[in-house]
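What follows is a set of notes on a single structure, which appears directly below.
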Amino acid sequence: MMRTIAGIDEAGRGPLAGPVVAAAVVLHEGDTISGVADSKSLTSKQRLQSDAKIRKLALDWSIGAATSSEVDEFNIHKASLLAMKRAVLGLRFHVDYVLVDGMYFPDILLDGETVIKGDERVGVISAASILAKVFRDRQMCWIDKIYPNYGFKRHKGYPTKYHKEMIKKLGPTPEHRMTFSGVKNPI
């Protein structure tokens, strides 16, 4: 009997603004999708191409997120686990086993394990890393349309010099993580 495996990864732990996003991708055990690698090793164009391929070829996939206010309320670690749980809860396909990137397993009622550097070593986790990164980047481009002076489309909420200068000049937006030192003390 062929088992189904869900890979889970998140994107957006380090930025000063926006949600932390997780993705869950389901494949049959041993299946791979060509061209899929850790999202950090791919160009933006390669990520977009892989994202479309994963959405088409995976047995199932789901996105979960925790808002910047939830990051502030719970802390980034707990918010990341919450986003992962939401991604798993969004799956419609039966899952036999879960592989999670990192050291911490979300509060879900499925068997599984964590894999350190899983986004570099396990294809189904790499696929999840791509979906999470592409979704989060699109969210930040949408947020850029609401708050165009902050440059979210360019830096995706990460603590660049320009971003911190805009926080200092204009103040934080509701999308900023108020508990992060780069927002409390931008420069």
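Throw me the Rg/Rh for region 78-135, computed over C-alpha atoms with Kirkwood Rh, two decimals.
Rounded to two decimals, Rg/Rh equals 0.92.
For the pairs K53/K161; K56/K184; K78/K184; K53/K169; K117/K153; K85/K161, note any where the Cα-Cα span goes beyond 31 Å.
K53/K161; K56/K184; K53/K169; K85/K161
Counting Lys and Arg as +1 and Asp and Glu as -1, what is the net charge of the other residues whose Cβ lies under 12 Å from the Cβ of E29?
That works out to -1.
Compute the helix-to-body angle for 123-146: its Cα long axis versus the longest principal axis of the chain, expressed 0 to 90° and rounded to tens.
Value to nearest ten degrees: 30.
May I ask you to give the solvent-accessible area per residue for region 118-187, in square angstrom, as obtained with a 1.4 angstrom probe?
Accessible surface, normalised per residue, equals 52 Å².
In a Debye calculation with equal point scatterers on the alpha-carbon sites of region 1-111 and no solvent, what is log10 I(q)/I(0) at q = 0.21 Å⁻¹?
With no solvent term, the Cα-only Debye profile gives -1.18.
Please express the Cα-Cα pair-distance distribution P(r) of region 131-176 as a list of whole percents, one per 5 Å bin, running from 0 to the bin with the greatest distance.
Going out from 0 Å in 5 Å bins, region 131-176 shows 5, 25, 34, 23, 9, 3, 1 percent.
Write down the accessible area per residue of region 1-63 in Å², having rolled a 1.4 Å probe over the full set of protein chains.
Solvent-accessible surface per residue comes out at 46 Å².
What share of all Cα pairs of the chain, in percent, falls into each consecutive 5 Å distance bin?
Going out from 0 Å in 5 Å bins, the chain shows 1, 9, 18, 20, 18, 14, 10, 6, 3, 1, 0, 0 percent.
Whenever you get a sec, compute what percent of the accessible area on the chain sits on carbon and sulfur atoms (1.4 Å probe).
The value for the chain is 55 percent carbon and sulfur by accessible area.
Out of T114, T67, T43, any idea which swings most in a Gaussian network model of the chain, alpha carbons joined below 10 Å?
T43
With a sphere of radius 13 Å drawn around the Cβ of I167, what net charge do the other residues whose Cβ falls strictly inside it have (Lys, Arg +1; Asp, Glu -1)?
+4
For the chain, what does -39500 (n - 2.57) per DSSP helix run (n ≥ 4), summed and divided by total residues, give at 222 nm, in deg cm²/dmol to the nearest 500?
-13000 deg cm²/dmol
The values are calculated or read from the model by the stated rules, or taken from the named source; none is laboratory data. All of these numbers come straight from a predicted model, not from anything done at the bench. Neighbour counts are summed over all protein chains in view; Cβ atoms, including those assigned to glycine, are modelled from backbone coordinates with ideal geometry. These area figures cover heavy atoms from the full protein model, side chains too; ligands, DNA and RNA do not enter into them. Shrake-Rupley method; radii C 1.70, N 1.55, O 1.52, S 1.80 Å.
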